[in-house]
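One structure is given below, encoded as structure tokens.
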Amino acid sequence: MDTLTLLVILIGVVTLMWIVASYMEIEKLKTIVYGEKTKDEVIQPVGEVTTAFSRVEEAFKNIGHAFEVTFAGRIQKLDENKIYYLAHPCTTGGKSIKENKSREEFLYQRIINENPGIRIIRPLQIIPEGMPHEEAMRRCFNMLDAAHAIILPLGWNQSNGCTQEHNRAEEKDIEKVYLNTN
């Protein structure tokens, strides 16, 4: 085989490995949503990486693991070793579910563009429309419990669901990331 053929095969194998890894991560999140296994069975703990971010985390431990992650309009670097839960209003603020999903999608794209490789649980995209509020929140809490941190956009406290998620994060001592944008 010539070099070009080997290169094409190598690219194909790497792409296939990436697809399989992505599929496995999605399957893990589905398991969390539908409660087939416990969080510990689904997501294995990741070792702490000594970075500037983890040193900042230590400095903020006494104020409830709260971080302000926007500066001059940019979303600062998030830890790619963590799984984040993206809280976002669903029906609050006079906006339709479609409008809120669109706003959440824009925020999600902004976060991943500035943090390639970040893992984010997106309940607004996962929970079926029309599900009773109590059942939707139960599923949201299952997903939130599997995350290392919750991302709360500007105005989160005007949403009943986001407020419940924030309170759950407080109860479970889950890190909170507050954005100055929505």
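Here Leu144 passes the criteria (1) under 14 Å from the mean Cα position of the chain (by Cα); (2) modelled with pLDDT of 90 or more; (3) surrounded by fewer than 21 Cβ atoms within 10 Å (Cβ to Cβ) except the one numbered (3). Filtered by the rule that a residue be within 18 Å of Ser96 (Cα to Cα) and either surrounded by 21 or more Cβ atoms within 10 Å (Cβ to Cβ) or at pLDDT 90 or above (or both), the range 158-181 gives Ser159, Asn160, Gly161, Cys162. Considered as a group, the residues in the range 95-149 that are among the basic types (Lys, Arg) and in contact with a Phe, Trp or Tyr (Cβ under 9 Å, 6 or more places away or on another chain) include one that is farthest from Ile83 (Cα to Cα), and that residue is Arg139.
The values are calculated or read from the model by the stated rules, or taken from the named source; none is laboratory data. Since the model is a prediction, treat every value here as computed from it, not as a measurement. In this analysis, Cβ positions are derived from the backbone assuming ideal geometry, glycine residues included, and neighbour counts consider all displayed protein chains.
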